[in-house]
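Working notes, beginning with the structure itself.
The values are calculated or read from the model by the stated rules, or taken from the named source; none is laboratory data. All values derive from a computational prediction rather than experimental measurement. Cβ: placed from backbone, ideal geometry, glycine included. Neighbour counts: every protein chain shown. Side chains included, ligands, DNA and RNA excluded: accessible areas come from the protein's heavy atoms. Shrake-Rupley method; radii C 1.70, N 1.55, O 1.52, S 1.80 Å.
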Amino acid sequence: MYQPRHFVETREHALYGLIDAHPFATLVANAATGTAVNHLPFVRQGQVLRGHVARGNELAAMDGAAVLAIFHGPQGYVSPNWCPSKHTNGGREVPTWNYAVAHVHGRLRVVHDARWLRGLLDALTDRHEASEPSPWKVADAPADHVEKLLGAIAGIEIAIERIEGKFKLSQNHPAANRAGVIAGLGRRGQGDDLALAVLMQAQEEHRA
């Protein structure tokens, strides 16, 4: 990943925070037939990512493979009109894109143990049902149906060997421009704009 020094993020709590808040990742691996790319939700448990795939997925036969999991945080277009310097430097501001990503490197471990898989499904559903007024649980489904589903999936686990973070949040601009971008994102309020503004504001507070 191209990493200008302004945008390198190494703080563990920031990187794990992005992963936990945006757990749907792009998983890339080299398969016998070429590059394998899959899109999967993960649950992070300490230094380990856990998820599952259909048994027919090529990943289910790739135990030990080196993999890259890419977690995408908020992202959005930045207008030069939001930068006060545009009006003082002869218009030398151009559009750009702000974003935050985390790249996790590790090796794939494939798991077929039914008890492990059931624990994973419980963890995933408990995590994502937590905000529901009456959270759904795996135990709510008929036992024979759950058993059938467990037989159709394979667990995957990635011990985090290395993690890279890139938080491109206008750090290479003066404070007035960064404040202008935060305000512009807040006014537009589309897609990831508000989450991106919150992340930029947190970066400003860390900088202070």
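Report in % the part of the accessible area of the stretch 110-207 that belongs to carbon and sulfur, leaving out ligands and nucleic acids; probe 1.4 Å.
54 percent
Show which lysines lie in cross-link reach of Lys86 when reach means a straight Cα distance below 22 angstrom and same-chain residues fewer than eight apart are skipped.
Cα-Cα hits under 22 Å: Lys168.
What accessible area, in Å² to the nearest ten, does a 1.4 Å probe give for Thr26?
30 Å²
For His103, His128, give the ranking by accessible area with the largest first, probe 1.4 Å.
Reading off the accessible areas and sorting them downward yields His128, His103.
Just by accessible area at a 1.4 angstrom probe, what is the order of Lys168, Lys86, Lys137 from largest to smallest?
Sorted by accessible area, descending: Lys137, Lys86, Lys168.
Rg (Å, one decimal) plus Dmax (Å, integer) for the alpha carbons of the chain?
20.5, 70
At a threshold of 8 angstrom on Cα-Cα distance, excluding pairs fewer than six apart, so keeping six or more, what relative contact order does the chain reach in percent?
Across the chain, relative contact order equals 26 percent.
Quick one: order Glu205, Glu129 from most to least accessible surface, probe 1.4 Å.
Descending order: Glu205, Glu129.
With the convex hull built on the Cα atoms of the stretch 23-62, state its orientation-averaged projected area in nm².
3.0 nm²
Among all the lysines, which ones have a C-alpha under 19 Å from Lys137's C-alpha, if same-chain residues fewer than 8 places away are not counted?
Cross-link targets: Lys148.
Starting from the Kirkwood radius over alpha-carbon pairs of the stretch 7-115, derive D by Stokes-Einstein at 4 °C in a medium of 1.567 mPa s and give it in µm² s⁻¹.
So the translational diffusion coefficient is about 79 µm²/s.
Excluding ligands and nucleic acids, what accessible area in Å² is computed for Tyr99 using a 1.4 Å probe, to the nearest 10?
Accessible surface of Tyr99 is approximately 60 Å².
Taking the alpha-carbon centroid of each part, what is the distance from the stretch 1-66 to the stretch 145-193 in angstrom?
12 Å
What accessible area, in Å² to the nearest ten, does a 1.4 Å probe give for Trp116?
The accessible area comes out at roughly 50 Å².
Leaving out ligands and nucleic acids, and using a 1.4 Å probe, what accessible area per residue does the stretch 33-80 come to in Å²?
Result: 44 Å² of accessible area for each residue.
Let me check I've understood the local charge: for Leu49, count other residues with C-beta under 14 angstrom from its C-beta, Lys and Arg +1, Asp and Glu -1. What total comes out?
Residues near Leu49 contribute +3 overall.
If you average 1/r over all unlike Cα pairs in the stretch 103-206 and invert the result, what Kirkwood radius do you get in angstrom?
It is 17.8 Å.
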